[in-house]
Structure formats: C-alpha cells, structure tokens
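Engineer: Mind looking over this structure? Questions follow.
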Amino acid sequence: MTKGKTSAALLLFGATGDLARRKLLPSLYALHEDGLIPADLKILGTARSAMSDAEFRDIARAALAEFLPEDRKNEKQLAAFAERLFYQPLDASSVDGFDALAEKLGDISGGLSIFLSTAPFLFGPTIKGLSHAGLTGEQVRIGLEKPLGHDLASSSEINDAVAAAFSEAQIFRIDHYLGKETVQNLMALRFANMMFEPLWNSNGIEHVEITVSETVGLEGRHGFYNDTGALRDMVQNHMLQLLALTAMEPPADLDATAVRDEKVKLLRALRPVAGDEMVRGQYGSGAVNGEAVGSYTDDLGEASETETFVALKAHVDNWRWQGVPFYLRTGKRMHERRSEIVIQFKCVPHNIFAERGGKLSANRLVIRLQPEEYVRLQVMAKEPGLDRDGVTLREVPLDLSLTQAFAKARRRIAYERLLLDLIDGDPTLFVRRDEVEAQWRWIDAIRESWRESGASPKPYGAGSWGPSAAIALTERDGVSWNE
Ligand code: BG6
C-alpha cells in the first residue's frame, strides 16, 4: 500500500477534550512550526459547546501555553497556527448539525482527514452524520481513537458502522504506542542488525518480559477507567502491539500490508491463557515516589471489582516461539513509571570456566522505551586480575543510550507522527481491523475465565510492583521480573 494524497483539511472531533488539549493541538502546532503540514491545511474543531472561532483559538492558545515545551513557544508561529483553527459546534448524536459542519469545511476535494476521539456510543451516529453531509467520499480518511468497543462484539459493531461509510484503506485505528520513537526502534533493532535475529527464537531465548508500569492512579477518569480496567485499557491494545512487534516474523518491507500481515499472524497464534497463568490486582493505599496516596476505592469513592493491575503468562503457538513464555504486566500506582521489553537469552550450553570457579549468567537484552530510552545488553566479562584464586566472571552492561546517541534529534510525541501519517495517508502505524479482532478474541477469553472464577482482584500496596501472586507467577518458573 502506498502513501495517499496529503489532505487539505483536518476535522477534529472532541476538539475541546483532554486528548486534544494535551496531545493533539501541541502535536499539530509542532508539525506546523516545523513546516511538515501544508501551509494551507485548515483545522476545523468540533465539539458540543457553542463557541466562535475566536473562542476556540483562545482555548487552543491556553492549551499550547500549558502543554508545549518552553523551547517550542514561538509567539509569531503560535499566532500563525491559531489562524489555521476554526470551530463548529455539533451535537453528534443527531444528523441535523452535520450539514452546517460540511458547509463550514467548504470544498473538500483537496482531501479531508478526520480524527474521531469521542465516546464510543457516538461513533455510529457520527458516521451517519458524516455520510448524510457527504463527508465520506474517496478523498476522506478517518482516524479512530480508542476505546473502540469493550469486547469483540461491540468492537465489530463499531467497525461495521465505520465500514458502512469508509473502506478499510480509509480507516486509521490509532494505538498511540505505535507512534512512539522507541517502539519504532524495536523494528530497527530487530531487523537492521545481524546479531539478534538468528537468536530471536526458542533456540536462543528463554523468556520475554514486557512491563508497562505507571505511577499515576485514576487521573480523574473514574467512570471510563472503572468500566474498563487494566486488561482492556492497556493489554488489549498497547501491550499486545508491543508483543506483536517483538515476536512477529520479519516483514518483507515497511509497507502497511506487509507489517500488519505479520502482526496479525502473531496475534492469531496467541494461545488462550490458562486460569493459573494470570493475576488481577487492585491497588490499596501506599506511597508512590515518597508521597502517601489513597487506595483505588478511595480514589473512586466506592468499592469496585475493577483491576488496576494485570500480569499474564502468554504463549505464542508457532515454530519460532514454542516453549518460550512471554510474561506481561501492567498497572497503575506501581513502584515506578517504566515501559520495557526484556529478552532473556539462554545460557551457553557448557561452562568452560566451571572448574576455575567461574559462574555464568545468561545474556539479557533490556529495551527501555520510557521514561529513558536505551538498549542494554548484559554480557559476561572476566574481572581483571591474575586469577590465582580462580576466575571471576561478572555481568557488564553494553549500553546504547538512544537519548545520548541522538542527543541533537528532537523527541517527538507519538501523536505528531500519527497525525502526520493520517494527513499524509500512510497507514503502516495504524491497526487493521483483523488485528483488533484478534486482540479482542484473546482478551475476551481471559475476561470469560475471570467471570467464571468470580475471583476478586488481589490487593497490592500503591508504590509496589503489584500483588505477590504476580511475583509467584514467574518465580515458579524460576524467573524473576526485571526490577
Ligand atoms: C492510555 C491509557 O491508552 O495509555 C491510559 O488509557 C495510560 O490509562 C496511557 O495512562 C499510557 O500512555 P503513555 O504514553 O503515558 O505510556
């Protein structure tokens, strides 16, 4: 699939929402400042509240003042960016207002990109409204922000509703982890280097760990989070995408079809998780970064059965990964904010140093995605000395700090890349329908088994690494989480 035609207009649903203020407007501004979007690209925001273009520009200016890094704030550019912004109020639940929206947009023959970040129940009505007002032709593409449903059935319903008006090639499903620089780098590490790929299978690898831990709690998203839980908020999308990129076969090139074909093959090869290979947790009170914090019940204001932590042992049933466990864990209010992939290699087949007292550890590759960006390979080395009392071997890190190696390169937030790809029509980093459905199928089975067991989430102290059962999950295989 090749890149499409660059759009001349961007229509932003949910334009006054949290995502727009924190991420989308700052990203669009950065693209504007760097001259990466067409000079005449018009950005039309829409949301429920009635307001004028000028009032929307004020909201955008305030958001940029709050969320842009200082070195990005250029008064002249900020003023020029505001000139691109327009606003049209809309009640998306009825088709009535869509004609006025289309009128405000004007001629869309130059191409239109739509970014839909609305409550899931508005997806269907919004698509209807867009069709009604003629905003769905070939020159239109649509970006969909999560949550796209809460299980396979509801996600298929949304996908069907969108498919009634847009072809799959026009639909850009967003998983913002795919826009992260270091996630891109995972592909470079695997497929631009000779040394890893020959070992990247069950002959060379003992197990893989993927951790996405956060220190934040509910962040004011009470209703949404409590209806969703960690499994659907983080594992269904971000963690499974990380797993797919870590474990997929090499695609022939970076073409959207080639990459997504490999990911979906991998996702379909995931074995349903056994009941004793998963742990749900919910945070109690504790301390995070030295500050006392309340429990999930305190934050929510009521007792709940929603999990804020999940740990799973996943298996990929294909030739490459037979017998290699993938341990996944994610949670809120954990010890530290960390996203990383740890590849634990096998030990060498024979220790030639044994008789001289040399002990060996297996190599381990740590790919830290955030907050720091680095790739660290633990290799064995001999301690310097004459070794009269035996050989001492020690693990030494071979460090590649991406932050230092590319110190001059600007770090872009995921939405800069994703918005640019949407406007330019490059679907490689967006999730195809069959991927989403494979993800939901696996997640639904996990939820079904939770429902059958009826077990409550296990408590863990805020500021810890999760419930002790998550430690037991790996320790009984003789594996310790990388902490
Ligand atoms: C979102 C989840 O998709 O990802 C949030 O809804 C989570 O709960 C966030 O905090 C994490 O993203 P990042 O980029 O901060 O790791």
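Bear in mind that the values in this text are calculations on the coordinates, not laboratory data. Note that the coordinates shown come from a computational prediction; the quantities given were computed from them, not determined experimentally. Positions of Cβ are generated from backbone atoms using ideal geometry, with glycine treated the same way; all protein chains shown enter the neighbour counts.
Engineer: Please label the shape of region 163-246 as rounded, prolate or oblate, based on the square roots a ≥ b ≥ c of the eigenvalues of the alpha-carbon gyration tensor (a/c under 1.5 means rounded; beyond that, a/b larger than b/c means prolate, else oblate).
Structural biologist: oblate
Engineer: Compute the distance from the alpha-carbon center of region 432-483 to that of region 304-352, in whole Å.
Structural biologist: Value for the Cα centre distance between the two parts: 10 Å.
Engineer: Relative contact order of region 194-281, please, whole-number percent, based on alpha carbon pairs below 8 angstrom and at least 6 residues apart.
Structural biologist: With pairs under 8 Å counted, the relative contact order is 19 percent.
Engineer: Given charges of +1 on the Cβ of Lys and Arg and -1 on the Cβ of Asp and Glu, with all other atoms neutral, how large is the dipole of region 322-392 about its Cα centre, in debye to the nearest 20?
Structural biologist: That gives region 322-392 a dipole magnitude of about 360 debye.
Engineer: With axes computed from alpha carbons, what is the tilt in degrees of helix 256-268 against the longest principal axis of the chain, rounded to the nearest 10 within 0 to 90?
Structural biologist: 50 degrees
Engineer: Once the Cβ-Cβ distance between Ala163 and Ala62 is put in as r, and R0 is 30 Å, what FRET efficiency do you end up with, to the nearest 0.05?
Structural biologist: After rounding to 0.05, the efficiency reads 0.20.
Engineer: Ok, one more. Could you bin all the Cα-Cα distances of the chain into 20 Å bins starting at 0 and give me the percent of pairs in each, rounded to whole numbers?
Structural biologist: Per 20 Å bin, starting at zero, the Cα-Cα P(r) for the chain comes out as 22, 53, 23, 3, 0 percent.
Engineer: Exceeding 32 Å between C-alpha atoms, which entries from my cross-link table qualify? They are Lys5/Lys313; Lys5/Lys146; Lys263/Lys346; Lys5/Lys180; Lys313/Lys382; Lys265/Lys346.
Structural biologist: Lys5/Lys313; Lys313/Lys382
Engineer: Tell me which GluC sites (Glu not before Pro) from region 290-355 have a DSSP coil assignment and no more than 15 other beta carbons within 10 Å of their own. Don't jump to the answer; show the numbers that get you there.
Structural biologist: Numbers: sites: Glu291, Glu302, Glu305, Glu307, Glu336, Glu340, Glu355; in loops: Glu302, Glu305, Glu307, Glu336.
Filter output for region 290-355: Glu302, Glu305, Glu336.
Engineer: About its Cα centre, how strong a charge dipole does the chain have in debye, to the nearest 20, once Lys and Arg get +1 and Asp and Glu get -1 at the Cβ?
Structural biologist: Details: 56 positive and 69 negative charges, 177 e Å.
Roughly 840 debye for the chain.
Engineer: For the chain, what relative contact order do you get, as a whole percent, if you take Cα pairs closer than 8 Å and at least 6 residues apart?
Structural biologist: It rounds to 19 percent for the chain.
Engineer: Highest first, please rank the peptides 393-404, 417-428 by the mean number of other Cβ atoms sitting within 10 Å of their residues.
Structural biologist: Details: 393-404: 13.4, 417-428: 21.7.
For the peptides 393-404, 417-428, the packing ranking is 417-428, 393-404.
Engineer: Continuing with this model, one more query. Among the GluC sites (Glu not before Pro) in region 207-284, which ones are in a DSSP loop with at most 16 other Cβ atoms within 10 Å of the Cβ? Mind listing them? Intermediate results must be reported in sequence, preceding the final value.
Structural biologist: Working: sites: Glu209, Glu214, Glu219, Glu262, Glu277; in loops: Glu214, Glu219.
Answer in residue order: Glu219.
Engineer: If you plug each phi of region 360-368 into the Karplus form 6.51 cos²θ - 1.76 cosθ + 1.60 with θ = phi - 60°, what whole-Hz ³J(HN,Hα) values come out, in order, with x for Gly and Pro?
Structural biologist: Coupling constants for region 360-368: 10, 10, 7, 5, 9, 10, 10, 10, 8 Hz.
Engineer: I've got another one for you. Tell me, what ³J(HN,Hα) does each residue in region 468-483 have, in order and in whole Hz, if you take phi through Karplus 6.51 cos²θ - 1.76 cosθ + 1.60 with θ = phi - 60° and put x for Gly and Pro?
Structural biologist: Result, rounded to whole Hz: 4, 4, 6, 6, 4, 3, 8, 4, 5, 9, x, 10, 10, 4, 6, 10.
Engineer: Cα centroids of region 193-271 and region 1-48: how far apart, whole angstrom?
Structural biologist: 27 Å
Engineer: Short version: ³J(HN,Hα) in whole Hz for each residue of region 339-353, in order, from phi by Karplus 6.51 cos²θ - 1.76 cosθ + 1.60 (θ = phi - 60°), x for Gly and Pro, what are they?
Structural biologist: So the Karplus estimates, Gly and Pro as x, are 10, 8, 10, 10, 9, 9, 7, 7, 6, 4, x, 8, 9, 6, 8 Hz.
Engineer: Give me the angle, in degrees from 0 to 90, between the Cα long axis of helix 152-163 and the longest principal axis of the Cα atoms of the chain, rounded to the nearest 10.
Structural biologist: 40 degrees
Engineer: Next up: If amide hydrogens are placed 1.01 Å from N in the peptide plane, which non-local residues have theirs closer than 5 Å to the one on Gly111?
Structural biologist: Here Ala8 satisfy the definition.
Engineer: Taking the Cβ of Lys73 as the centre, find all other residues whose Cβ is under 12 Å away and add up their charges (Lys, Arg: +1; Asp, Glu: -1).
Structural biologist: Spelling it out: positives minus negatives among the neighbours equals -2.
Engineer: Using modelled amide H (1.01 Å from N, peptide plane; none on Pro or chain starts), what sits under 5 Å from the amide H of Val288, excluding residues fewer than 5 places away?
Structural biologist: Placed amide hydrogens put Val293 under 5 Å from Val288.
Engineer: Kindly put Leu245, Leu199 in sequence by how many other C-beta atoms sit within 10 Å of each C-beta, fewest to most.
Structural biologist: Fewest-to-most ranking of Leu245, Leu199: Leu199, Leu245.
Engineer: When Phe345, Phe56 are ordered from fewest to most other Cβ atoms inside 10 Å of their Cβ, what list results?
Structural biologist: Phe345, Phe56
Engineer: Compute the signed sum of charges (Lys and Arg +1, Asp and Glu -1) over the other residues within less than 12 Å, Cβ to Cβ, of Leu11.
Structural biologist: Once all neighbours under 12 Å are counted, the net charge is +3.
Engineer: Also, quick follow-up: With bins 10 Å wide starting at 0, give me the P(r) of region 32-181 over every alpha carbon pair, in whole percents.
Structural biologist: 10, 35, 36, 17, 2
Engineer: Turning to a different aspect of this structure: Please arrange Asp107, Asp261 by how many other C-beta atoms lie within 10 Å of their C-beta, fewest to most.
Structural biologist: In increasing order of surrounding Cβ atoms, one gets Asp107, Asp261.
Engineer: Just how large is the dipole of region 304-425 about the Cα centre, in debye to the nearest 20, putting +1 at every Lys and Arg Cβ and -1 at every Asp and Glu Cβ? Write out the running numbers ahead of the final one.
Structural biologist: On the way: 21 positive and 16 negative charges, 33 e Å.
Magnitude of the dipole: close to 160 debye.
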